[in-house]
Every structure is written in structure tokens, then in C-alpha cells.
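Peer 1: This is the structure, below, for whatever I ask next.
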């Protein structure tokens, strides 16, 4: 009897390089090793396209959908449609906070992702030679629940400092759809409005951080403290060059392995409850949560983290102009 297949629905390739460069390859490795039928589709930022991809996957025999939603509304519609025909759904990386909820949520402790940004930057901000540092919060997409959780994490560090008068929050903006070009425009406007006087930016991912770096270079303002996450090649390059302070490494290989393992178990009718270490409420019910732990990365521990894990390699990081920033004994 045909056991059906697994469909992975990725969100886009523009907001973060991870989806096509990392998640896709790890899913392929896991599904190939398990010899299960699968498809991996990318909606390229279009929620309607993702819904169509889900419908087609179900028509083609998918019994499990691994979903990275573009927004909770469209994600909830996909989950509801899947439930109607007995198809299991795993929310991958992003929680769908509307509707009936997925069967399992596999992600990192996303509040901790943001908290790592705050805890890494806080002592560096305090060490700046300014009386009251000017801080900008550059949040992710308002339609992505993860962006809310990241902000909750870094605000848990930053807000008490704002309230105490130690730091000055001069602006806070959410970037629609994590659009890096919009982030560049928005941050350049912030720089103009504040006469270039920004000391640190809590940027919610490496793409937004790179927009900050580009704007600073465009206006010849030098370097400031900038957070990020995803440990992208560009993010690591910016860190080694001194243009970005840190990133948060979410071991995507482990995340994809956990999600693939759960999907394969669901496909063959095995129990998955043991995979969840926690629960998380999506607004309607508690969802089993397989929660992974993120890691802060600075120039000091690139080799011991992303390089040691094989997530990144020196060849891709040390390309072109970045060769000069790389260790000679690599």
C-alpha cells in the first residue's frame, strides 16, 4: 500500500538565505536516507501560491505537510484544509497563531533567540563612550509570530534600560514581510531623522542587519553595534569584518532533523508525542512543541560553533573581499 508522501512548504528565498540554502538540503538528506516520497516547494513570498501548493500536495497524495507559514491567516487555512482530509501538519520554525493549530510545532525557543541578542549587546552598549546611548529596534514582519517572540526577547533586556533612563530608544520599526530593501529605506530615514546619531540596533535577523550595515556605509557613518540571527554567510562575513556585532545560530540541521523525523513518524503512523519537550498555545489550544536551543555567535566563537558543526565553511565565508578577515590557519 502506498503510504503517501511528505510535502514541505517553504515561505520564500528573499528574506533569508536559510530556506533554500540550508533547510532544503537538510530535508532532502533526511528524506532520502529514510527512502520516503517527498516534495519541497517554495511560495516565494506569495501566500496564495502557498495555499495552492498545499492543495496540490494534498491532491497528489501528501499525508504530512511541513509548513513554514507566510502569515497566520493563510497558514490557518492550510491547516484547516489538511485536517478536513486527515492530513497531518507540522508547523516548522513559525507557529500558526490562528485556527485549529498544527499537530506539532518544531522550532527554537524564539524568545531566547531575542534574549541572546539583548544579553550579548547589553554589556557592549554599556561600554560605549557615550552618556546615554541611542538605540533603534528594527523588528521583523508584524505578520510573523516569530518576530513578536524575538522582540519579546530583546525587549526583556532593553526595556528596563529604557525605563531606567540608561538608554534612549530613538525609534522602533517593524519591517513588512522582512523585506530587506524596505529595511534599508526605513533605517536610512531613521538615520536622517536623528542626524546619524545611532549607537546600537537590535536588528531581528541578518538580512535586516545587513540593511543597517549598508545604510551606515552609504552615509559614511562608520560601524555601530548591530545584532542579527540565522548565522547566514553574509551575517558571518559582516561579523568578521566588524560591521555586525553578533548573530544567533539556530542549528538548522538539528531543527530540520527533528521535523523530518516527526514527519516520517507521522507518515508511517507512529507516535510523535515523545518528540515534544513542551507545549505552546496558539490562541486556541496547546500545541506539542519540540523546542531547540539557540546559540549566540560573535567573532570570537565562529570557529567553535557554525564552522565546527559544518553549518558553514571557511571557503564560503572567506570569499573575495572577506579573505582578509579570516584566520590564516583555517
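Peer 1: Using only the C-alpha atoms of segment 73-115, find the volume of their convex hull and express it per residue in Å³.
Peer 2: In segment 73-115, the Cα hull volume divided by residue count equals 62 Å³.
Peer 1: Also, quick follow-up: For residue 192 and residue 33 in one chain, what is 0.36 nm times their gap in residues minus the Cα-Cα distance, to one decimal in nm?
Peer 2: The span from residue 192 to residue 33 would gain 51.9 nm if fully extended.
Peer 1: Let me ask another. Among 167, 314, rank each residue by its count of other Cβ atoms within 10 Å, from fewest to most, as a rough exposure measure.
Peer 2: 314, 167
Peer 1: Quick check: pseudo-label points 7 Å beyond the Cα along Cα→Cβ at residue 159 and residue 60, how many nm apart are they?
Peer 2: 4.4 nm
Peer 1: Which ordering of 220, 88 is given by a fewest-first count of other beta-carbon atoms within 10 Å?
Peer 2: Ranked by crowding around the Cβ, least crowded first: 220, 88.
Peer 1: What is the Rg over Rh value, at two decimals, for segment 165-282, using alpha-carbon atoms and the Kirkwood definition of Rh?
Peer 2: Details: Rg = 19.0 Å, Rh = 16.6 Å.
Rounded to two decimals, Rg/Rh equals 1.14.
Peer 1: Additional query: Calculate, for residue 84 and residue 268, the FRET efficiency according to 1/(1 + (r/R0)^6) with r their C-beta to C-beta distance and R0 30 Å; round to the nearest 0.05.
Peer 2: E(calc), rounded to 0.05, equals 0.85.
Peer 1: Equivalent-ellipsoid semi-axes (√(5λ), Cα gyration tensor) for segment 87-226, whole Å, largest first?
Peer 2: 30, 18, 11
Peer 1: Sort 298, 143 so that the residue with the fewest other Cβ atoms within 10 Å of its own Cβ comes first and the one with the most comes last.
Peer 2: Neighbour counts put them in this order, fewest first: 298, 143.
Peer 1: Round to the nearest 10 and give me the degree value, 0 to 90, for the angle of helix 145-163's Cα axis relative to the longest principal axis of the chain.
Peer 2: For helix 145-163, the angle is close to 30 degrees.
Peer 1: For the chain, what is the convex hull (Cα atoms) projected area averaged across all directions, in square nanometres?
Peer 2: 17.3 nm²
Peer 1: So, in Å, what gap is there between the alpha-carbon centers of segment 12-44 and segment 100-173?
Peer 2: Centre-to-centre (Cα) distance: 29 Å.
Read-outs throughout are calculated quantities, based only on the coordinates presented, and are distinct from any laboratory measurement. Note that the structure is a prediction, hence the values are computed from the model and not measured. Quick reminder, even Gly has a Cβ in these numbers, built from the backbone with ideal geometry, and neighbours come from all protein chains shown.
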